[in-house]
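Reading through the structure tokens given below for one structure.
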Amino acid sequence: MFDKPNQLIFYINVTLIVFGVLVALLTDHVVIGLIFAISALILVYDQIRQNKFAFTIADLRKILTVHDTTGNKATLTQTQMTTACHVDNSEYWFRNIHAIGSISNFRVNNGDPAEQRKDNGSYQVCMKLPPELKAINGCDLTLSYEYKDAFTQTEGTLSHVVDNDTQQLHLVVELPEGRAISSARFFCKHHGKEEALLPPVVTGQTKIEADIRDPKLGAEYCLQWNWSEAGLLKKLGRFF
């Protein structure tokens, strides 16, 4: 569960718990023993929580920009403050990347990904973490990629699957002028059930935003919108 430095800390804390309990039970220093035991117990709990996942994410911001009213071209930028829970974590995987259309031109921190996979229509992109990033203390990671023919329908969705302990999730959709938004909603899907969340903020018919604190692990959060049908001439224009 822990790497070697964390194992040593864990054993020290467990020893302090046992010592505190024995002092409380076998001596007259009950309060001192309880203080030792409770303090060490809190440290053990916090250590387990921090090491439950390979990484923790303080803030994740996902911005989808649709460039044309036909929904033919779009880009996505995902930035996140990421902390490695183990000193020997040397790579980070961005997972659950999928779309109706095609996805291309993956970039991680303005460079090519170390590895890229596609399984059952879902992409996974790997970034090697160089020592100078000091991921154990927290570092900014940025993933970007391009969509083609992904948002051509009247209904569009920006989603994110929470696969690491995340404190804050922020989803943003930026749409071009000339194709009005008729409705928007924010919801999550977890264990096969759909749960409605607070309505997103819509600004000027071109921007939709939604926030969630402490999103559920394993849940998929969806920012969905409906916009008017693209005009026939605009549809034809994308072929020329």
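Determine the share of the chain's accessible area contributed by carbon and sulfur atoms, expressed in whole percent, with a 1.4 angstrom probe.
Carbon and sulfur together cover 57 percent of it.
In nm, to one decimal, how far is the modelled label at Glu91 from the one at Gln167, with both set 7 Å along Cα→Cβ?
If labels sit at Glu91 and Gln167, their model points lie 2.8 nm apart.
Setting aside same-chain residues fewer than 8 positions from Lys193, which aspartates and glutamates have a Cα under 18 Å from its Cα?
List returned: Asp163, Glu220.
Sort 115-122, 36-43 by packing, meaning the average of other beta carbons within 10 Å per residue, with the highest value first.
Values: 115-122: 10.9, 36-43: 16.1.
Averaged packing, sorted descending, gives the order 36-43, 115-122.
How much net charge surrounds Pro200 when only other residues with a Cβ under 12 Å from its Cβ are counted (Lys, Arg +1; Asp, Glu -1)?
0
Output the 0 to 90 degree angle, nearest 10, between the alpha-carbon long axis of helix 4-26 and the longest principal axis computed from the alpha carbons of the chain.
50 degrees
If all Cα-Cα distances of the chain are sorted into 5 Å bins from 0 onward, what percent lands in each bin, rounded to whole numbers?
The calculated distribution, bin by bin, is 1, 6, 11, 14, 14, 13, 10, 8, 6, 5, 4, 3, 2, 1, 1, 0, 0, 0.
When the helices in the chain are scored as -39500 (n - 2.57) per DSSP H run of 4 or longer and the sum is shared across all residues, what 222 nm value do you end up with, to the nearest 500 deg cm²/dmol?
It comes out at -7000 deg cm²/dmol, rounded to the nearest 500.
May I ask you to give the solvent-accessible area per residue for the range 69-171, in square angstrom, as obtained with a 1.4 angstrom probe?
49 Å²
What percent do you get for the relative contact order of the chain when only Cα pairs under 8 Å and 6+ apart count?
Relative contact order here is 20 percent.
On a 19 Å Cα-Cα criterion, which of the cross-link pairs Lys73/Lys118; Lys118/Lys148; Lys62/Lys118; Lys62/Lys207 come out too long? Don't jump to the answer; show the numbers that get you there.
On the way: Lys73/Lys118 21 Å; Lys118/Lys148 17 Å; Lys62/Lys118 21 Å; Lys62/Lys207 13 Å.
Over 19 Å Cα-Cα: Lys73/Lys118; Lys62/Lys118.
As a test, work out the antiparallel percent of DSSP beta bridges whose residues both lie in the chain, rounded to the nearest 5.
90 percent
The values are calculated or read from the model by the stated rules, or taken from the named source; none is laboratory data. For clarity, every value in this text was computed on a predicted model and none was experimentally measured. Note that we place each Cβ from the backbone using ideal geometry, even for glycine, and neighbour counts take in every protein chain shown. Surface areas here come from the heavy atoms of the whole protein model, side chains and all, with no ligands, DNA or RNA. Shrake-Rupley method; radii C 1.70, N 1.55, O 1.52, S 1.80 Å.
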